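What follows is a short report on a single structure.
Any read-out appearing in this document is the output of simple, stated calculations on the displayed coordinates, not a laboratory observation. Everything numeric here is computed off the predicted structure, so don't read it as measured data. Glycine gets a Cβ as well: all are built from the backbone with ideal geometry, and neighbour counts include every protein chain shown.
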Amino acid sequence: MKRFADLAGQGGLVESLQQAIKSHRVAHAYLVSGEAGSGKKTLALAFAQALLCQEQTATVCGVCSNCRRIEQGTHPDVAVIEPQGGRIRIDEIRTLKDRFALQAYGGSWKVGIIIDAETMTDAAANSLLKLLEEPFGQAVLILLSSSPSKLLPTIVSRCQVVKMQRLSRTQIAAYLEEEEEIPAETALVVAGLADGRLGRAMEVASPKSLAWRERVLAVLAHEDGRGLEALRLAAELDDEPEAIEFAFEVMGSWFRDMLLAATGCPQELIVNQDYFAFLSKEGKLYNEHAYHSAIYQIEDTLRAIRANANRRLALDTLLYLLSDLTSFLKASENHKYGKSSRS
Ligand SMILES: [Zn+2]
């Protein structure tokens, strides 16, 4: 349930929005900025719920029909617009204008939420600008963007800007543990992978993502039959390309951890906490240039895949290389120090 209280770590933000509702000073338009996965949509929906909640206490009861319909995405006075095929077009802004022109179904607020507002076409942005210039009664527009600098300055200047805060790893872990009942060790790992973003943490905490992490680490951390496992994993990722970015994040985190462990850094800086003993033992086997080289290979392969390289071949090659860590890291060390394998 997207309650205000659930927006862990965004306390100051939530309070100022609640205060605006209580003191009848709700702005016509807000621009919520923050990285992908920082919880912008959650905040916008919670704000809509707080405005429309039948309890009228500026919080979110979560059980009245308005709260529930907003949660389910079926409330007639709350419109959510998102890019179709990468762009938000003028027709969608026109539809929003038409909806704003009607009497609110529940007789109170109307809310329009525009996800990835920076993807509006020029025509859509100009149409939105006109809407912002006309007073539109008891309605609120909430623009969400991870790249607010790409929005028209004339749009930004008409919005009250709200910035999502980055959270610490311990804040995210505590939230996952308390609210989502995720075991402490897993919560810490997830918080490390989410890199300060609560929305991202919720995605990473899904059983599906956690299973992918297990699959990737099985290839990187276990000795038996790793080459074969690596090729199996490459085939699975090729079949499920939407998991590739996350799998690469996990791989990157693994070698960064190795690098940290090699330099003897404290345990709390390690992302893959549950492998700490393994990392501290293995991390010392090679020098840091080798880990830099592994990280570089991972980033380079991801770039190639994004640029439409032969995906299966790229995955096979990278995973096979990384699975045979000893050969790979030795080869990188030799390369680094100019010791050709011919010598
Ligand atoms: Zn309610």
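For the chain, calculate the relative contact order in percent as a whole number, restricting contacts to Cα pairs under 8 Å that are 6 or more residues apart. So the answer I get is 16 percent.
Here the range 206-336 is assigned +1 on the Cβ of each Lys and Arg and -1 on the Cβ of each Asp and Glu. Its dipole about the Cα centre then comes out at about 260 debye. Relative to the longest principal axis of the Cα atoms of the chain, the long axis of helix 288-306 lies at roughly 50 degrees.
Amide H contacts under 5 Å for VAL162: LEU31, VAL32, SER33, restricted to partners 5 or more places along the chain or on a different chain, H placed in the peptide plane at 1.01 Å from N.
Could you compute the net charge surrounding VAL26? Neighbours are other residues with a C-beta less than 15 Å from the C-beta of VAL26; K and R count +1, D and E count -1. Present the calculation step by step, with values, prior to reporting the outcome.
Values: positive: LYS22, ARG25, LYS110, ARG158; negative: GLU15, ASP77.
Result for the neighbourhood of VAL26: +2.
Available extension along the chain between SER157 and ALA27 is 45.6 nm, counting 0.36 nm per residue and deducting the alpha carbon span.
Strictly over 25 Å apart at the Cα level, which of LYS150/LYS208; LYS41/LYS208; LYS22/LYS130; LYS208/LYS281 would you flag in this model? Exceeds cut-off: LYS150/LYS208; LYS22/LYS130; LYS208/LYS281. For the chain, the extents of the C-alpha atoms along the principal axes are 80, 42, 32 Å, listed from largest to smallest.
Counting only alpha carbon atoms, the long axis of helix 244-262 and the longest principal axis of the chain meet at about 60°. Taken along the Cα-to-beta-carbon direction at a fixed 7 Å, the label points for GLN138 and LEU313 span 6.3 nm.
For a test of the definition: using alpha carbon positions, the gyration tensor, and the 1.5 limit on a/c, classify the range 1-109 as rounded, prolate or oblate. Here the range 1-109 falls in the oblate category. Determine which aspartates and glutamates satisfy two conditions relative to LYS163: a Cα distance under 13 Å, and not lying fewer than 8 residues away in the same chain. By straight Cα distance, LYS163 reaches GLU35. Whole-percent P(r), the range 147-271, all Cα pairs, 5 Å bins from 0: 2, 10, 16, 17, 16, 14, 10, 7, 4, 2, 1, 0, 0.
If I fit a long axis through the Cα atoms of helix 184-194 and take the longest principal axis of the Cα atoms of the chain, what angle between them do I get, 0 to 90°, rounded to 10? The helix 184-194 is inclined about 80 degrees to the chain.
Farthest towards the positive end of the charge dipole of the range 175-268, among the residues LEU237, LEU220, GLY192, is the Cα of LEU220, using unit charges on the Cβ of Lys, Arg, Asp and Glu.
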